[in-house]
1. Among the residues of the stretch 332-339, is there at least one that is in contact with a His (Cβ under 9 Å, 6 or more places away or on another chain), closer than 30 Å to Ala368 by Cβ and not in a loop (DSSP other than H, G, I, E, B)?
2. Go through the stretch 243-274 and report how many residues are in contact (Cβ under 8 Å) with a residue 12 or more places away in the chain, more than 15 Å from Glu320 (Cβ to Cβ) and open to solvent by 40 Å² or more (accessible area, probe 1.4 Å).
3. Being assigned by the TED database to the domain that holds Pro318, closer than 28 Å to Leu273 by Cα, in a loop (DSSP other than H, G, I, E, B) and among the polar types (S, T, N, Q), is that true of even one residue in the stretch 180-194?
4. Does Ile376 satisfy being over 30 Å from Phe283 (Cα atoms) and either among the aromatic types (Phe, Trp, Tyr) or crowded, with 19+ Cβ neighbours inside 10 Å (or both)?
5. Lys155 is checked against (1) surrounded by 13 or more Cβ atoms within 10 Å (Cβ to Cβ); (2) under 37 Å from the mean Cα position of the chain (by Cα) and fails just one. What number does that condition carry?
6. Can you tell me which condition Phe146 does not meet? The list is (1) in contact with a Phe, Trp or Tyr (Cβ under 7 Å, 6 or more places away or on another chain); (2) open to solvent by 30 Å² or more (accessible area, probe 1.4 Å), and all the others hold.
7. Just checking, how many residues over the stretch 384-441 are of a type in the set (D, E, K, R), farther than 26 Å from Ser455 by Cα and either crowded, with 17+ Cβ neighbours inside 10 Å or over 49 Å from the mean Cα position of the chain (by Cα) (or both)?
8. When you scan the stretch 446-544 for strands (runs of 3 or more DSSP E) that lie fully inside it, which ones turn up with 2 or more residues that are open to solvent by 70 Å² or more (accessible area, probe 1.4 Å) and out of contact with any Pro (no Cβ under 6 Å at 6 or more places or on another chain)?
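The values are calculated or read from the model by the stated rules, or taken from the named source; none is laboratory data. Because the structure is a prediction, the values reported are computed rather than measured. Note that each Cβ is placed from the backbone with ideal geometry, even for glycine, and that neighbours are counted across all protein chains shown. The protein model used for the area step is the full one, side chains on, heavy atoms only, and it has no ligands, DNA or RNA in it. Shrake-Rupley method; radii C 1.70, N 1.55, O 1.52, S 1.80 Å.
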Amino acid sequence: MRKSTVYKKVIRSQNFFLLLLTILLVLVGGKIILAHEKIADYEEAVRLYQSGNLVGAEKKFRAAKRNLSVIDHNQVINQKLAILSPIREAMEDLDKEAAAYQKDLDQLVDTYNRWQENREKWVSGTTIQQDMYGEMLTLTMLDQDFAGYFSESKKTQLDNLQKGDAEEEEIFASLTKIPAEYYGDGESKTKEIQSVFQDYYSAKIKRLIAKNGSIAETVDEGNRQFALLTKFTMDSSWLQDILDSHLVKVLNASIGNKDYAAFAEQANAIKNLSSNMKDAKVFSVIEKTKGELLNKAKSLVASNKYEEAISLYEALKPLENTEQLITNANLAWDQHEPVRLLKRLYPTKEFTSTVNAKNKWGADMVIAAISKDGGIYFGKRKGEEALTVTEGTLEGAPTVTSLNLESSYGSANDPVISIDTKSKERKHHYLAYEVRLEAMVKILDVEADNVTVESKQLLLVENPAGQGGGELAYYEPDAQGVYRFSKIKIDYVDIQVSEVTNYVGKKVRFTANAAAKANGGALVTLSETYNYTTNRWEKMYVLLKGQSDFTIYKSYTVIGTLNGYEDMTDENGEQIRVPVFTVEKVEK
């Protein structure tokens, strides 16, 4: 038994050492194989290096370096990789970044600049660096990629300029960022960018001119372009030539058409270009024409053609301060016109309101006026006879807003002075004085919103103060010819509420109870029937609108017009269409 146990232990020891030997042989064999591979990679790398295939050599040197089985030739491998690998890695990174940033111009330009920095270093370096860079450039086609990316970026910016999809300053900045070599050289770059913007601005200003846009719009665009061209350090003389030629032509057209108001407006707008077009011809045209027109207006005043003179002075206002010249012309005109006769007869009076007429009431000329102290004056003149004047007094010295001469108010064909003054209670305070046998008689005194002559000696007064307030009232003359309240003008029909749908579009009055509030108004029941099929009451309504303070279950007398329909939901939750009555007035 003991011998058997010793034998087994000896056998196990032998087997273990045999296994260990086998493992060691495998490891030694593997290392020998890897060593041969490394030497083969190294020798291939040296061959490729010597033959000028530096990219292939770098790849094999890297493979040899990764083989750690032996350290043979490691120093040479490291030396070669230290020269070749940085170029390969940098060019690969630049190629990837350029592709990634082709839509981001700032990043693309930054990548391009780093390429140029490295390129300058490699091209000015050793022959190996130069050759390795050349091989990587051929492999990555980085130069062609940059050319394509920048060309597309330039095209995008030019398209944006034409479409107006970006600010012009941004487009200029973007085009300026693109390296000069993609324009040809620095001089070509400057010329091309200037040509792009000159063509764009020239086309834009010419389109504006062609569509006959306003001068103000053209001037604004011109100043905008001058400012940007200055900012871009570009020539703007061509812009001045285009604008100067066009603006002179426009001014000459207005002068030729004798449209002096248009000339002045245009000239005033054009003067806003003076800081950018100091030596332009258009400004001498403006000054010369303005002087000629002022002299013409002066001659018209001297020829008693006051209306033409004042019209010309008014037209020139945008270009010249002519207020005093207009005042002087008006004074001369007043002195020349017959209305001045009243002032000669009453030199101490200040006339605040005047009106005149010709060939009426047996006279060649008629004058009516109100003085500041409340005097009323009516003058007639026939031929060269003296002016005969009838005087009266305007009580209370009210503020007069208008003065007119009438004949339809009076009881005969005597003249009537109608006066509209300010009212405290209504929109107007109407006064009328009839001139009878060289005396003035007040025949109308009413505060109202409006007065119209409906027929001979019948006045329609809207919302008079006092009797007839809130209504259209008739005023008729009494025995003394003084207008007084006569009656209310009825312009509606009295009906039962159930009849309202028979009077569509006509003004009516009816009394009804507000049943409910709905749709911003109040419902009034027109009819109510019981439906035995549905076992419920069915109602027909009219909707009162125009008053927001209806009280439910209260009776109202309203005046208005039925003029439409609205959809609403009734008390049964059903959609119904109801007539709408627009309330003009609720009677108290």
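1. no
2. Residues that pass the stated criteria total 3.
3. Within the stretch 180-194, not a single residue is assigned by the TED database to the domain that holds Pro318, closer than 28 Å to Leu273 by Cα, in a loop (DSSP other than H, G, I, E, B) and among the polar types (S, T, N, Q).
4. Yes: the conditions hold for Ile376.
5. The single condition Lys155 does not satisfy is (1).
6. Checking Phe146 against (1) in contact with a Phe, Trp or Tyr (Cβ under 7 Å, 6 or more places away or on another chain); (2) open to solvent by 30 Å² or more (accessible area, probe 1.4 Å), the one that fails is (2).
7. Initial filter on the stretch 384-441 (of a type in the set (D, E, K, R)): 384-385, 391, 395, 406, 414, 420, 422, 424-427, 434, 436, 438.
Narrowing further to those that are farther than 26 Å from Ser455 by Cα: 384-385, 391, 395, 424-425, 438.
From what is left, the residues that are either crowded, with 17+ Cβ neighbours inside 10 Å or over 49 Å from the mean Cα position of the chain (by Cα) (or both) are 384-385, 391, 395, 438.
Qualifying residue count for the region: 5.
8. In the stretch 446-544, the matching strands (runs of 3 or more DSSP E) lie at 483-488, 507-513, 521-531.
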